[in-house]
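Quick notes on the structure that follows.
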Amino acid sequence: MHVYEPPEIYLLRPDAYTVWSDPVVLERLRWYRSVMLDEKPARFLLAKKTPVDADPYSSGLEDKELWRLHEKARRGFESLFREASEDGLDLGEYGRLETPRYSFLDVKVALARRMLRRCTLCEWRCRVDRTRMRGFCLIGGEAVVHSYFHHMGEEAPLVPSGTIFYGGCNLRCVYCQNWDISQADPLGGERVSPQRLALIQRRLRETGARNINHVGGEPTPHIPFILESLLYLDVNVPQLWNSNMYMSREAMELIRDVIDIWLPDFKYGNDRCAKRLSYVNNYYSTVTRNILEAYRSGGDMIIRHLVLPGHVECCTRRVLEWIARNTPRVLVNIMDQYRPEYKVLRYPDRFRDIARRPTREEIMEAYRIAEELGIVYEPVS
Ligand code: SF4
């Protein structure tokens, strides 16, 4: 069964259809497309059918026992995923699988709830009890959604994308385009329960979304609520993680099994630029570690890289070289739309290097580097 798509998309984004005639796109986004077309069950649905033999919500289990349960359940999950991705298990057959009392997804939810009480979801590792106070990301014990809609401006294979904008962020980019929801007023949106979040996803899918696009701000601080929403979500839809990838190892462990397509934002080629422009430590090692983990997890991937003016050598070149070396099968969106925003507009003398748009020469140089490295960028840029 093919999902319903609003007819106007043919007019607004004809490339959302023509992009699938490219064999490289078809091959690299094979899993995502099969879930999008309802041929295969999304990974979160497979996690729900993977049984565990203990109650993960029991307070009698220590953290390390719960992690062991998670590790053990992953083996069962991976064999189910292998079956689905190798043409065995389709969506119809999935429906006939038994639903266990407790599943791999329950273990993830139980672990995420515990992490919320001493938050280490990202590399800031604030260790605050988020039900009582907020950490660096400015988000507390509830999901905050600022808006959700069918986004028509994302990469061609993704639109219409059922995008959910969460509040707060763990980076402080001086040129942030969503600074109102990420930094200025992160709690200004709607507080939503996991059940309501599931309902939002259901509605987006039923009105034609090809995927659920978790973005912000940043979705990482919302991981416990997103995982819990998947317990209630009963429609098949690819889960898309649109993130700065500054998660902790533990957070990656929790989400890597339930994401069908990754959309990492790989900004900087070194820690110095990351610290100055996004106020973040250990950027490069953290983000490359997480992208690699996501790449190996079995989901598909489109990496985004925004070309910053004056940063082609220190950032663009290093980012593209890393991608070519480590994740050669991804598609890359080389983004040319940078414009000065937020603090760069307010303090142009402090951020003189990025207080302008990139020149045509800089963008052409970025494309030239990508071509030299054999990176596929054109279908999604
Ligand atoms: S998500 Fe990151 S920034 Fe937010 S409280 Fe947790 S560790 Fe701190």
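Read-outs throughout are calculated quantities, based only on the coordinates presented, and are distinct from any laboratory measurement. Note that this is a predicted model, so its numbers are computed, not measured. For neighbour counting, all protein chains shown are included, and Cβ atoms are generated from backbone atoms with ideal geometry for every residue, glycine included.
List every residue pair whose Cβ atoms lie under 9 Å apart, where the two residues are 6 or more positions apart in sequence or sit on different chains, the first residue falls within region 30-43 and is β-branched (Val, Ile, Thr), and the second residue, located anywhere, is assigned to a loop (DSSP other than H, G, I, E, B).
Matching pairs, first to second residue: 35/41; 35/42; 35/211; 35/236; 35/237; 35/238; 35/260.
Kindly indicate whether residue 156 is under 26 Å from residue 49 (Cβ atoms) and among the small types (Gly, Ala, Ser).
When the stated conditions are applied, residue 156 does not pass them.
Go through region 159-204 and give me each residue that's assigned to a helix (DSSP H, G or I), closer than 24 Å to residue 279 by Cα and in contact with a strand residue (DSSP E or B) (Cβ under 8 Å, 6 or more places away or on another chain).
Hit for region 159-204 is 181, nothing else.
From the residues in region 329-345 that are aliphatic (A, V, I, L, M) and touching a residue at least 40 places away in the same chain (Cβ under 8 Å), which one is surrounded by the fewest Cβ atoms within 10 Å (Cβ to Cβ)?
335
Among the residues of region 129-170, how many are within 16 Å of the ligand (Cβ to nearest atom), among the aliphatic types (A, V, I, L, M) and surrounded by fewer than 24 Cβ atoms within 10 Å (Cβ to Cβ)?
Count: 2.
Please enumerate the residues belonging to region 242-251 that are under 13 Å from the mean Cα position of the chain (by Cα) and either surrounded by fewer than 20 Cβ atoms within 10 Å (Cβ to Cβ) or assigned to a loop (DSSP other than H, G, I, E, B) (or both).
Across region 242-251, the qualifying residues are 244, 245, 246.
Among residues belonging to region 217-228 that are in contact with a Cys (Cβ under 6 Å, 6 or more places away or on another chain) and part of a loop (DSSP other than H, G, I, E, B), point out the one that is surrounded by the most Cβ atoms within 10 Å (Cβ to Cβ).
217
In region 146-187, what count of residues is obtained for those that are within 24 Å of residue 268 (Cα to Cα) and of a type in the set (A, V, I, L, M, F, W, C)?
Residues meeting the conditions: 9.
Using the structure shown, decide if residue 125 is within 7 Å of the ligand (Cβ to nearest atom) and either free of Cβ contacts under 8 Å to residues at least 24 places away in the same chain or out of contact with any strand residue (DSSP E or B) (no Cβ under 9 Å at 6 or more places or on another chain) (or both).
Judged against the criteria, residue 125 is a match.
Residues 77, 81: which one is more than 20 Å from the chain's Cα centre (by Cα), closer than 27 Å to residue 329 by Cα and buried (at least 18 other Cβ atoms within 10 Å of the Cβ)?
One residue alone meets the criteria, 77.
Taking the condition of being charged (D, E, K, R), in contact (Cβ under 8 Å) with a residue 40 or more places away in the chain and out of contact with any helix residue (DSSP H, G or I) (no Cβ under 6 Å at 6 or more places or on another chain), how many residues in region 79-112 meet it?
4
Table: residues versus (1) away from the ligand (no atom under 16 Å from the Cβ); (2) over 13 Å from the mean Cα position of the chain (by Cα).
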{"residue": "195", "(1), (2)": "yes, yes"}
{"residue": "199", "(1), (2)": "yes, yes"}
{"residue": "207", "(1), (2)": "yes, yes"}
{"residue": "220", "(1), (2)": "no, no"}
{"residue": "230", "(1), (2)": "yes, yes"}
{"residue": "254", "(1), (2)": "no, no"}
{"residue": "258", "(1), (2)": "yes, no"}
{"residue": "264", "(1), (2)": "yes, no"}
{"residue": "307", "(1), (2)": "yes, yes"}
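Among the residues in region 276-290, are any under 30 Å from residue 39 (Cβ atoms) and surrounded by 21 or more Cβ atoms within 10 Å (Cβ to Cβ)?
For region 276-290, residues under 30 Å from residue 39 (Cβ atoms) and surrounded by 21 or more Cβ atoms within 10 Å (Cβ to Cβ): present.
Just to be sure I understand, how many residues within region 36-85 are within 21 Å of residue 114 (Cα to Cα) and charged (D, E, K, R)?
11
Would you please name the residue that is nearest to residue 109 (Cα to Cα), looking only at residues in region 232-252 that are away from the ligand (no atom under 16 Å from the Cβ) and of a type in the set (A, V, I, L, M)?
If we take residues in region 232-252 being away from the ligand (no atom under 16 Å from the Cβ) and of a type in the set (A, V, I, L, M), then 233 is nearest to residue 109 (Cα to Cα).
For region 202-214: of the residues being surrounded by fewer than 24 Cβ atoms within 10 Å (Cβ to Cβ) and touching a residue at least 24 places away in the same chain (Cβ under 8 Å), which is nearest to residue 145 (Cα to Cα)?
Across region 202-214, the extreme among qualifying residues is 202.
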